[in-house]
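Structure first, then comments.
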Amino acid sequence: MTETTAPRIAIPIPKADDPDYTDRALPQYEKAVADAGGQPVRIPLDQTPAEAMNLISHCDGVLLPGSGADVDPAKYGVERNPQTAPADPKRDIVDELLLHDAYNMRKPVLAICYGLQILNVYRSGTLVQHIPEFLPADKKDLVNHEAGRKVEYAHQVIIDPKSKLAQITGAPEIATNSSHHQSAGEIGDGLRVVAYCKEDGIIEALEGTSPEHFVLAVQWHPERTTNDAPSRAIFSSLIEAARARHLQLQGEFESV
C-alpha cells in the first residue's frame, strides 16, 4: 500500500437472518467508508471461520456496524431481560474473529451502535439491557434513544475534551442519530467512557486506552448523518489510522 492506496475496511454483514435490514443498512456504512477514502470489504456470516479469516487477514481496519439483534446476556453473565432481542450467533462469531485479529495486530476499530455493545462485552464489560428500565423516573422520558433513522438528530452528546473523539470531531458537544435500547454498563478492559447523552447521562462513546491502538466506539449512527462534519471526521479518522497501521505493519514485515 502507498500513501494514496485505499485501506481495506472489514465490515461484517449486519444481521444473518434479515436481508432487508442488511440491504437497508450496509450501503450507508460502505458509502461512508468509501467517501472517507477507504475500500469497504463485506465479511459474510455464512463462511467457515477459516474462510472468514482469509478475508479478515487482508484487511487494514474493522468497522462493526449496528444490528437488529442484541448481544446474548449469557456472554456477560446475567439473565435475559424480556426486552432483549434474540442474539445473532453467526454475527457473534465473525465479530469475535474481527476483534481477535484487530487486537492481535493492533488494527484500527470503529464500532457503531450494536458494534459498541459487542466490543464492550468482548472486552469483558456488561450492558444495560433496556434503557427505559435503567433510568430513574425523572429521566425516562427525556430522550427517545430508539428514535430511528427518520429522526435525523435525536439528542445531544457531551464529549470528554481530553479524548481522541474530541480531537476527531473538533466539538465538545454534537447532535446524534439514535437507534438503540441498550447501552454500555460496566466498561470492558482497555476501554474508557468518552461521551454521554446530555439529557439523561447514558454512555454514548468508548475509546481504547492504548495510545498505540485506535479503538473508537459510538452508540449513535454517524453513517446516517455524513452531511455533518463530525460524522465525516469519525470515518476519516478510521481510514487514516488504517492507512498508518498498514504502512507500519508493512515496514515491520520488510525488516524481518
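A few comments on the model shown:
- Here each label is just a point 7 Å from Cα along the line to Cβ, and for TYR21 and PHE134 those points are 1.9 nm apart.
- DSSP beta bridge pairing in the chain, given as percent antiparallel to the nearest 5: 55
- Pairs beyond 28 Å (Cα-Cα), from LYS107/LYS198; LYS31/LYS164; LYS90/LYS140; LYS107/LYS140; LYS15/LYS107: LYS107/LYS198; LYS90/LYS140; LYS107/LYS140
- Helical content of the chain, expressed as a calculated mean residue ellipticity at 222 nm, amounts to -10500 deg cm²/dmol (DSSP H runs of 4 or more residues, -39,500 (n - 2.57) each, divided by residue number, nearest 500).
- Net charge in the neighbourhood of HIS180 (other residues with Cβ under 11 Å of its Cβ; Lys, Arg +1, Asp, Glu -1) is -3.
- Residue-normalised accessible area of the range 107-148, expressed per residue, 1.4 Å probe, Å²: 39
- Assuming charge only on the beta carbon of Lys and Arg (+1) and of Asp and Glu (-1), the dipole of the chain about its Cα centre is about 340 debye to the nearest 20.
- Among GLN129, GLN156, GLN83, the largest mean-square fluctuation in a Gaussian network model of the chain, built with springs joining Cα atoms closer than 10 Å, belongs to GLN83.
- Other-chain or far-sequence residues with amide H under 5 Å of GLU199's (modelled H): GLN156
- For ILE43, the residues whose amide H sits under 5 Å from its own are ILE11, ILE13, ignoring neighbours fewer than 5 places away on the same chain, with H placed 1.01 Å from N.
- Under the Karplus curve 6.51 cos²θ - 1.76 cosθ + 1.60, θ = phi - 60°, whole-Hz ³J(HN,Hα) for the range 145-156, x wherever Gly or Pro sits: 5, 9, 4, x, 5, 6, 9, 4, 10, 8, 6, 9
- Share of carbon and sulfur in the accessible heavy-atom surface of the chain [1.4 Å probe, %]: 51
- Net lengthening on full extension, GLN167/SER124 (0.36 nm per residue, minus Cα-Cα): 12.8 nm
- Along the range 113-120 the Karplus relation, 6.51 cos²θ - 1.76 cosθ + 1.60 evaluated at θ = phi - 60°, assigns HN-Hα couplings of 6, 3, x, 4, 5, 5, 4, 4 Hz to successive residues, with x for each Gly and Pro.
- Protein heavy-atom accessible surface, 1.4 Å probe, per residue over the range 202-256: 41 Å².
The values are calculated or read from the model by the stated rules, or taken from the named source; none is laboratory data. Because the structure is a prediction, the values reported are computed rather than measured. For neighbour counting, all protein chains shown are included, and Cβ atoms are generated from backbone atoms with ideal geometry for every residue, glycine included. Each accessible area value is taken on the protein alone, full model and side chains, heavy atoms only, with ligands, DNA and RNA left out. Shrake-Rupley method; radii C 1.70, N 1.55, O 1.52, S 1.80 Å.
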